[in-house]
Amino acid sequence: MTTGLTFSKSIQRLSQRSSNVWDIHDKACARLDAGEDIHLLSVGDPDLATLDSTINHTIESLKKGRTHYSPGAGEAELLKTIADIEARASQKPCSPDEVLIYPGATHAIYSVMACLLDDGDEIVVPEPMYIGYHGIFDAIGAKVVSVPLEVHDNFNLDADAVKAAISDNTKVLFLNTPGNPAGNMIAPEVLADLAQYCLERNIWLVCDEVYSMITYDKRHTSIRRAAASLDNIIVIDGLSKSHAMTGWRLGWSVAPAAVTEKLLQFSSSIVFGCCQFIQDAATFALKNDEEYMNSMREEYKTRRDYAYKRLKTMPGLKCQAPQGGMFLMVDITDIAADGFAFASDLLDKQGVSVLPGEGFGPSTKGFVRISLTLGIGELEKALDKVQRYTQSLSA
């Protein structure tokens, strides 16, 4: 490469972040592709299939020629469908001009943050946090102030700790409920308190709610329902997890109409509308999902209960039952130096891939994340191997 050529500051920041958190998963995938008996419990891609009816509806949409440019904000029917869902869930009015469609929730988060934050601006985020957030913050150049969750109290969020982390330089508080990786759900009263606190200080509150439809013992409460005022509130959601549509890439934001107009200015500059037929599929899925969502929740609950029951009795392991999402965080500090050492050795000796906790933040360096993305039969085989491994360490 010619010496005089340079890259942007955002690329330089991304290049400086050295992380081997995905090395174990990548190694596991390579061994699986080579025909080895490998159990992948390291990624949040559901084994459940997109509904046949949604696929068939998409095929019909393609046959009808729905392959052209779409309005920048999204197709009118999808915008109305999401607005109606948000209005019912929040018990507050929501109009289609408050909704904006993106090619996936990750893209939605990046676009929203790029509209709210300049290079060096401060964002407060509870940790452990979803691994993908780091790249977004690095690309934008935001200064991240992390607030540790109470890892030994089911990863609860302490509102006072969040308030203490907020400074005069804070522009955004970014929450995730139900959370990835820990499946923690932020209590309605805590959401309401933080929303009001941020409003009084002219701070944006952005909430990632992509696991809102996968909860177990209680229903999800959206920040839109909890907040007294929505002036500073932006919600991110999508279909990847809730409808087993990870590869379809469809997400959205919900914000006041005047805010959404600003978000659209940015989104339109980098994405000239999302695929028409994908939006048709999303509209159909959201209108015909009740039976499937109920069955999916029951399936994940069955997996959670089974995995939690098995893991908490294994030598040297400690875990808590998540309230939502599709993962369990497992404390391995009694039998391993850290999560990376545990995960690496587990893959080498038993062919089971789990994700080291250090990728989510310093508070979970002594944890691994286990995905509930295999059916009970395969999950049983994988956990049998985890049990054999932990027994060998404790012998």
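The values are calculated or read from the model by the stated rules, or taken from the named source; none is laboratory data. Since this is a predicted model, take the numbers as computed values, not measurements. All Cβ positions, even for glycine, are placed from backbone atoms using ideal geometry, and neighbour counts span all protein chains on display. Calculation scope for accessible area: heavy atoms of the full protein, side chains included, ligands and nucleic acids excluded. Shrake-Rupley method; radii C 1.70, N 1.55, O 1.52, S 1.80 Å.
Descriptive notes on the structure:
- Extreme residue, farthest from Ile332 (Cα to Cα), among residues of the stretch 369-395 that are open to solvent by less than 30 Å² (accessible area, probe 1.4 Å) and in a loop (DSSP other than H, G, I, E, B): Gly375
- Remark: pairs (first residue in the stretch 230-241, under 25 Å from Arg201 (Cβ atoms) and open to solvent by 10 Å² or more (accessible area, probe 1.4 Å); second residue of a type in the set (D, E, K, R) and outside any loop (DSSP other than H, G, I, E, B); Cβ separation under 7 Å; 6+ apart in sequence or on different chains) = Leu230/Arg224.
- Here Arg219 meets each of (1) more than 23 Å from Ser295 (Cα to Cα); (2) without any contact (Cβ under 8 Å) to a residue 40 or more places away in the chain; (3) not in a helix (DSSP H, G or I) with one exception, condition (1).
- Qualifying residue in the stretch 126-138 (condition: open to solvent by 20 Å² or more (accessible area, probe 1.4 Å) and aliphatic (A, V, I, L, M)): yes
- In the stretch 295-334, the residues that are free of Cβ contacts under 8 Å to residues at least 12 places away in the same chain and closer than 25 Å to Ser212 by Cα: Ser295, Glu298, Lys309
- Scanning the stretch 156-201 for residues that are among the hydrophobic types (A, V, I, L, M, F, W, C), touching a strand residue (DSSP E or B) at 6+ places or on another chain (Cβ under 6 Å) and within 19 Å of Leu230 (Cα to Cα) gives Val172, Leu173, Phe174, Leu175, Ala195, Cys198.
- Boolean, Arg31 is part of a helix (DSSP H, G or I), closer than 29 Å to Ser344 by Cβ and not aliphatic (A, V, I, L, M): yes
- Selection within the stretch 1-22: residues that are within 22 Å of the chain's Cα centre (by Cα) and open to solvent by 80 Å² or more (accessible area, probe 1.4 Å). The member of this set that is farthest from Ala142 (Cα to Cα) is Trp22.
- If the condition is being crowded, with 24+ Cβ neighbours inside 10 Å, out of contact with any Leu (no Cβ under 9 Å at 6 or more places or on another chain) and of a type in the set (S, T, N, Q), then the stretch 170-191 contributes Asn176, Asn180.
- Helices (runs of 4 or more DSSP H) fully within the stretch 245-361 counting 3 or more residues that are open to solvent by 30 Å² or more (accessible area, probe 1.4 Å) and among the small types (Gly, Ala, Ser): 257-270
- Number of the condition not met by Ile59 [criteria: (1) in contact with a Pro (Cβ under 9 Å, 6 or more places away or on another chain); (2) β-branched (Val, Ile, Thr); (3) open to solvent by 70 Å² or more (accessible area, probe 1.4 Å)]: (1)
- Among the residues of the stretch 50-84, the ones that are assigned to a helix (DSSP H, G or I) and under 21 Å from Leu264 (Cα atoms) come to 9 in all.
- Asn154 fulfils the conditions (1) on the phi < 0 side of the Ramachandran plot; (2) in a loop (DSSP other than H, G, I, E, B); (3) buried (at least 16 other Cβ atoms within 10 Å of the Cβ) except for a single criterion, (1).
- Just one of the listed residues (Glu98, Glu86, Glu75) is of a type outside the set (Gly, Ala, Ser), surrounded by 19 or more Cβ atoms within 10 Å (Cβ to Cβ) and closer than 30 Å to Asn169 by Cα, and it is Glu98.
- Qualifying residue in the stretch 28-40 (condition: out of contact with any helix residue (DSSP H, G or I) (no Cβ under 7 Å at 6 or more places or on another chain), modelled with pLDDT under 95 and open to solvent by less than 20 Å² (accessible area, probe 1.4 Å)): no
- None of Ala255, Ala244, Ala282, Ala307 is more than 23 Å from Leu48 (Cα to Cα) and not basic (Lys, Arg) except Ala255.
- Criterion applied to Val190, Val172 was being outside any helix (DSSP H, G or I) and touching a helix residue (DSSP H, G or I) at 6+ places or on another chain (Cβ under 7 Å), and the one residue passing it is Val172.
- A Cβ distance below 8 Å, combined with a sequence gap of six or more or placement on separate chains, defines the contacts here; from the stretch 10-38, residues that are under 20 Å from Val144 (Cα atoms) reach residues that are open to solvent by 60 Å² or more (accessible area, probe 1.4 Å) and outside any loop (DSSP other than H, G, I, E, B) in the pairs Val21/Glu358.
- Pair list, Cβ under 8 Å, 6 or more apart: the stretch 78-93 residue more than 24 Å from Ile278 (Cα to Cα), other residue open to solvent by 20 Å² or more (accessible area, probe 1.4 Å): Ser90/Arg225; Gln91/Arg225; Lys92/Arg225; Lys92/Leu230; Pro93/Ala87
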